[in-house]
Amino acid sequence: MATGLHKSDFANPVIRWVDARLPVFTMMQKEYGTFPTPRNFNYLWNFGALAMVNLLIMIVTGIFLAMNYTAHTSMAFDSVERIMRDVNYGWLLRYAHANGASMFFIVVYIHIFRGLYYGSYKAPRELLWMIGVVIFLLMMATAFMGYVLPWGQMSFWGATVITNLFSAFPLVGESIVTWLWGGFSVDNPTLNRFFSLHYLMPFVIFGVVFLHVAALHITGSNNPLGIDPKGPQDTVPFHPYYTAKDSVGLVVYFIVFAVLVFFFPNMLGHADNYIPANPLVTPPHIVPEWYFLPFYAILRAVPDKLGGVLLMFGSIAILFVLPWLDTSPVRSMRFRPLARPFFAVWCVTFLVLLYCGGKPPEEPFVTIARVCTAYYFLYFLVILPLLGRLERPLPLPESIARPVLRGGGPLPAGAMGKPMEKA
Amino acid sequence: MSGFPTLRALALGLGLIAAGPAFAAGEEVELPNTRFSFEGLFGHFDRASAQRGFQVYKEVCASCHSMHLMSYRNLRQIGLSEAEVAAIAATVQVTDGPNDDGQMIERPGRASDRFKSPFANEQAARAANNNAYPPDLSVITKAREGGADYIHALLLGYGDPPAGVQVAEGLHYNKYFAGHQIAMPQPLSEGQVEYHDGTKATLEQMATDVTQFLTWAAEPEMEERKALGVKMIIFLTILGGLAYAVKRKVWHDVH
Amino acid sequence: MAETLAHPAPHDGETRRDFLQLVAGSFAAVGVGAIAWPFISSMNPARDTLAVSTTDVDLKPIAAGAAITVVWRGKPVFVRHRTEEEVKAARAVPISELKDPQPDQARVKKDQWLVVIGICTHLGCIPLGQKPTDQRGPYGGWFCPCHGSAYDTSGRIRLGPAPLNLPVPSYAFTSDTQIRIG
C-alpha cells in the first residue's frame with residue numbers, strides 16, 4: 001500500500017482525524033463492529049470473551065495487590081494478611097485475585113472442552129488452537145507461581161514438589177532445579193524470582209491472546225454445526241448481536257464469581273496455606289490447587305519418576321498435535337454419532353482424574369487414575385485417528401441459515417455484512 | 001443439541017468436584033456442627049460473645065499462644081471503647097527503641113501495638129512447652145480444616161482415652177485432634193474465668209465465646225464482605241435481567 | 001453504527017430497544033464506577049498506617065538554645081528549646097510584616113518550646129538550623145539550602161520563595177517535660 005492518510009468513514013471530526021493517521025477506529029469497527037460472525041452460536045461461545053475479561057481482572061487486581069505485597073520469606077505471609085486486615089478493601093482485592101484464578105481455569109476448561117466437542121481445532125484453525133494451548137501452559141505456570149507468593153505451607157511445598165519435577169531429567173535435572181531455586185532449596189531467591197515472573201507472565205499471556213484473537217479473525221469462528229458460513233445469510237455482525245449475547249454470559253459469570261468471593265472465599269483454597277511456610281515440616285496432605293489435579297493424578301499414576309513427569313507434560317503436549325490426530329473431516333460432534341460417546345467418556349475421565357488427584361495416593365484411587373490415564377491417551381492416540389476412518393457421520397446441513405430458517409422466513413436483517421472469504 | 005447437556009454437566013461438575021473436600025485424613029471423626037451467629041448469608045459477629053472470648057484468650061490461651069497479626073486497636077471493632085482498648089494495651093510492656101543512647105526501652109503498650117507474644121521466638125516457645133509449638137492463633141479458624149467447628153470441638157474434645165488406646169507421655173487424648181494425641185493439656189475448665197458481664201463461665205460457654213473471638217480475629221472483614229456481597233448479587237441480578245432483555249430485543253428479528 | 005446498518009426494523013421496536021440499551025448501559029456503567037472505588041481506596045493509607053501516628057518526645061535533655069529532630073509519620077519534626085531572646089525576637093515582629101501572618105503565641109503551647117514540622121513549605125526540603133553548627137539564616141530560625149527560604153525563631157517564613165510558615169503539628173504536653181505528637 002502506498003503511504004498517505006487512511007481514508008476514514010467516521011462522521012465525528014476528531015475520530016476521523018485520529019483514524020486517518022492511525023486507523024484504530026476502523027480496525028475496531030471491522031473486527032468487533034461489523035465482523036461477520038456465524039449466527040448460530042450457543043452460550044458456550046461466551047467463554048472466549050469471558051476468559052479475556054477474566055485475564056484483565058487478574059491483571060488489575062494483581063497490580064493493586066503488588067502495591068502492598070512484600071516478596072520476602074520473612075514478610076510475605078504477614079504482608080498478605082496485612083492486605084486482608086489493614087489495606088482498604090484489601091480483602092476484596094485478594095479474594096478476587098485468588099478466586100479469579102479458579103474462575104479463569106473454569107472458564108478456560110469450558111472453552112477448551114467446547115473446542116474439543118465442536119472440532120474447533122480442525123483445519124483451518126490448527127494454529128489458532130495451538131496458540132490456545134500455549135496460553136493454557138502460560139496460565140498454568142503463572143497460577144503456580146502466584147500460589148507460591150503468600151508463602152504458606154502449601155505455597156512452599158507446592159513450589160518444592162513442582163520444581164523437583166525437573167530433577168527427574170537425567171544428567172541435567174539437579175542443575176536445573178538448583179538454577180530454578182537460586183539456592184539449595186526453595187528460599188528467598190525463589191520467592192523473589194517467582195514474584196518477578198508472576199508479574200511479567202500475564203502480559204506475555206496478553207500478547208499471546210492477541211495472536212489468538214488475530215488468528216481467529218483470519219479464519220473466522222467455528223460454530224455449533226461446524227460448517228463454514230456460505231454467505232451473508234449465515235452471519236450476523238458481531239455488534240450488537242454478540243456483544244449483547246456476551247454481556248448476558250458476562251453477568252452470569254460475575255454472579256458466580258461474586259458468590260465465591262463474598263460468601264465462600266476460601267472454599268477452593270486449602271486451609272494449610274494459612275499456616276506460614278515451614279521448610280522443616282511437610283503438611284500431611286499436600287495437593288495442588290484444584291485446576292492442576294487431573295495432571296497431578298496422571299503424574300502419580302506412573303510408578304516411575306521420569307515416566308510420570310513425561311506423561312504429565314505429554315498429556316498437554318498431545319493437544320498440540322490433536323488437529324492431525326483427529327482424522328475426521330467433520331468438525332462438530334453433533335454429526336459424529338460414534339465420536340460423541342467416546343468424547344463423553346473422555347470428559348468423565350478428566351473429571352475422575354481431577355477427583356483422584358485430590359485423594360491420597362492409595363487404593364482404589366491409584367488404579368482408577370491409571371485406567372483413566374490410559375483412556376486419556378488412548379482417546380487421542382488411537383480412538384480419534386481410527387474413528388475418522390470407521391465412523392459414518394450424519395449428513396451435514398446445507399448451510400447455517402437453513403435449519404434455523406425452517407419454513408423459509410425472511411432473510412435475517414443483520415446479514416448485510418461483507419461475505420466472508422473462506423479458506 | 002444432543003451433545004450440549006454433556007458439556008453443561010461438565011461445567012457444573014468442574015465446579016462441584018473442586019468444591020468437595022478432596023482431602024481425607026485417615027479415620028476421621030465427624031465434627032459436630034455448631035450454630036454460630038457468623039454463619040450464613042447475613043451472618044454477623046456476636047459482639048458480647050467475642051468480648052468474652054477475648055477475655056478467655058487473654059486469661060487462658062495467651063499464656064502460650066501468640067496472636068501476632070492482631071493489634072489492640074482491632075478490639076474497637078468488637079465493641080470495646082477507645083479508653084478500654086488503651087487500658088488493655090497499657091497492661092503490657094512493649095520493647096521499643098533504640099533511644100538516643102542506643103538502648104532498647106520498655107514502655108507501656110499502645111492501641112497501635114500488636115498483641116504481645118508470650119514467647120520471644122519459636123525456640124523459646126518449644127523450650128517452655130515440652131518441645132511442642134503452640135501455634136499462633138491469628139488466623140487459626142482459616143488454617144484448620146473445619147474452621148470454627150473444629151476449634152470449638154477441639155476445646156471440648158478432651159476425655160479419657162477409649163480402652164486399649166495408649167496415650168504417650170506428655171500428650172493428652174482428644175477426640176478431634178488428628179491422631180487423637182495432643183500436646184496441649186485441656187485448656188478450659190468449668191468456671192475458669194470470671195466473665196465481666198456476669199455470664200456463667202461453663203465449659204461450653206467459654207469454648208463458644210473463644211471460637212467467636214478467634215473467628216472474628218481470622219476474618220475481621222467478614223461482616224463487611226457479606227453485606228457488600230448481598231448488594232453485589234442484587235445489583236448483578238437486575239443487570240442480568242436488563243442484559244437478557246437487551247439480548248432478546250437485539251436478536252428478535254434474527255430468530 | 002452497525003445496528004442502524006443492520007436493522008431496517010420498525011421504528012417503534014428501535015426506540016424501545018434503544019431505551020433498554022440505555023438503561024442497561026447506564027446500569028453497567030454504575031457498576032464499573034462502583035467497582036473502581038475499592039481500587040482507588042486501596043491506595044490510601046491503610047488502617048495500620050493511620051494507627052501508628054503518635055510520637056512521644058522527652059524534653060528533659062534539650063538544653064536552652066538547642067533543638068532535636070524527631071520522626072513523626074515519617075516526617076521530621078523540629079523541637080526547639082528557645083532562649084528568652086529568641087522568644088522576644090519572635091514576638092517583637094509586627095504581624096503586618098509577615099508573609100503568612102500568625103502571632104507567635106498561636107504557634108506554641110509553652111513559650112520556650114517550639115514544635116514545627118521541619119519541611120520547607122516551598123518544595124519539601126529539610127531546612128538547616130537544627131545543629132549548632134548549622135546556618136540559621138538572617139532571622140535566626142531555619143534556612144532552607146534548596147531555594148533560600150529563611151524562617152524566624154517562631155518557624156515563620158520571612159524571606160524566600162516559601163509561601164507558608166512551618167506547620168505546627170497537633171501535640172499535647174503529657175507531663176511538664178514530655179509531649180506527644182499526633
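The values are calculated or read from the model by the stated rules, or taken from the named source; none is laboratory data. This one's a predicted model, so the numbers in the text were calculated from it and none came from an experiment. Here the Cβ is made from the backbone with ideal geometry for all residues, glycine too, and neighbour counts use every protein chain on show.
Conditions tested, residue by residue: (1) modelled with pLDDT under 95; (2) touching a strand residue (DSSP E or B) at 6+ places or on another chain (Cβ under 8 Å); (3) at positive phi.
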site	(1), (2), (3)
A:311	no, no, no
A:333	no, no, no
A:350	no, no, no
A:358	yes, no, no
A:379	no, no, no
A:389	yes, no, no
A:401	yes, no, no
A:412	yes, yes, no
A:423	yes, no, no
- Scanning the stretch A:64-105 for residues that are of a type in the set (S, T, N, Q), under 16 Å from residue A:195 (Cβ atoms) and away from chain C (no Cβ under 12 Å), which turns out surrounded by the most Cβ atoms within 10 Å (Cβ to Cβ)? A:73
- Query: Within the stretch C:27-122, which strands (runs of 3 or more DSSP E) (wholly inside it) include 1 or more residues that are among the small types (Gly, Ala, Ser)?
  - Reply: C:67-72
- Query: Restricting attention to the stretch A:80-92, does a residue exist that is within 30 Å of residue B:68 (Cα to Cα) and within 26 Å of the chain's Cα centre (by Cα)?
  - Reply: yes
- In the stretch B:39-83, the residues that are under 16 Å from residue C:51 (Cα atoms) and charged (D, E, K, R): B:73, B:76, B:82
- Task: Scan the stretch A:149-170 and give yes if some residue there is without any contact (Cβ under 8 Å) to a residue 40 or more places away in the chain and β-branched (Val, Ile, Thr), otherwise no.
- Result: yes
- Message: residue B:235 - would you say it is among the aromatic types (Phe, Trp, Tyr) and away from every other protein chain (no Cβ under 14 Å)?
- Response: no
- Task: With the checklist (1) out of contact with any Gly (no Cβ under 6 Å at 6 or more places or on another chain); (2) at pLDDT below 95 in hand, flag the one item residue A:287 doesn't pass.
- Result: (1)
- For helices (runs of 4 or more DSSP H) lying entirely in the stretch A:288-376, having 3 or more residues that are free of Cβ contacts under 8 Å to residues at least 40 places away in the same chain and under 27 Å from residue A:104 (Cβ atoms) picks out A:305-325, A:339-357
- When residue A:253 is evaluated against the numbered criteria (1) within 7 Å of chain B (Cβ to nearest Cβ); (2) of a type outside the set (D, E, K, R); (3) in a helix (DSSP H, G or I); (4) under 19 Å from the mean Cα position of the chain (by Cα), which criterion, by number, is the only one it fails? (1)
- In the stretch A:19-55, residue farthest from residue A:142 (Cα to Cα) [restricted to those that are hydroxyl-bearing (Ser, Thr, Tyr) and in contact with a strand residue (DSSP E or B) (Cβ under 8 Å, 6 or more places away or on another chain)]: A:34
- Task: Pull up the stretch A:177-196, narrow it to residues that are exposed (fewer than 15 other Cβ atoms within 10 Å of the Cβ) and hydrophobic (A, V, I, L, M, F, W, C), then point me to the one that is nearest to residue A:127 (Cα to Cα).
- Result: A:179
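Yes or no, residue by residue, for (1) within 14 Å of another protein chain (Cβ to nearest Cβ); (2) surrounded by 14 or more Cβ atoms within 10 Å (Cβ to Cβ):
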position: B:159; (1), (2): no, no
position: B:186; (1), (2): no, yes
position: B:219; (1), (2): yes, yes
position: B:243; (1), (2): yes, yes
- Message: Can you report the number of residues in the stretch A:211-245 which are within 10 Å of chain B (Cβ to nearest Cβ) and more than 23 Å from residue A:133 (Cα to Cα)?
- Response: 8
- When residues of the stretch C:123-150 are filtered for being in contact with a Ser or Thr (Cβ under 7 Å, 6 or more places away or on another chain) and in a strand (DSSP E or B), how many remain? 2
- Tell me which of these residue C:21 doesn't satisfy, since it passes every other one: (1) among the polar types (S, T, N, Q); (2) within 13 Å of chain A (Cβ to nearest Cβ); (3) within 25 Å of the chain's Cα centre (by Cα). (3)
- Message: residue B:138 - would you say it is in a loop (DSSP other than H, G, I, E, B), in contact (Cβ under 8 Å) with a residue 60 or more places away in the chain and within 12 Å of chain A (Cβ to nearest Cβ)?
- Response: yes
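Residue by residue, here is whether (1) over 26 Å from the mean Cα position of the chain (by Cα); (2) within 13 Å of chain B (Cβ to nearest Cβ) holds:
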{"position": "A:279", "(1), (2)": "yes, yes"}
{"position": "A:283", "(1), (2)": "yes, yes"}
{"position": "A:286", "(1), (2)": "no, yes"}
{"position": "A:289", "(1), (2)": "no, yes"}
{"position": "A:301", "(1), (2)": "no, no"}
{"position": "A:322", "(1), (2)": "no, no"}
{"position": "A:333", "(1), (2)": "no, yes"}
{"position": "A:341", "(1), (2)": "no, yes"}
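Got a number for residues in the stretch A:361-392 being of a type outside the set (A, V, I, L, M, F, W, C) and loosely packed, with under 14 Cβ neighbours inside 10 Å?
Qualifying residue count, the stretch A:361-392: 7.
Condition check ((1) crowded, with 16+ Cβ neighbours inside 10 Å; (2) assigned to a loop (DSSP other than H, G, I, E, B); (3) within 11 Å of chain A (Cβ to nearest Cβ)) across all residues:
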residue	(1), (2), (3)
B:165	no, yes, no
B:170	no, yes, no
B:215	yes, no, no
B:226	yes, no, yes
B:240	yes, no, yes
- Task: With a cut-off of at least 3 residues that are under 17 Å from the mean Cα position of the chain (by Cα), name the helices (runs of 4 or more DSSP H) lying wholly within the stretch A:136-222.
- Result: A:188-219
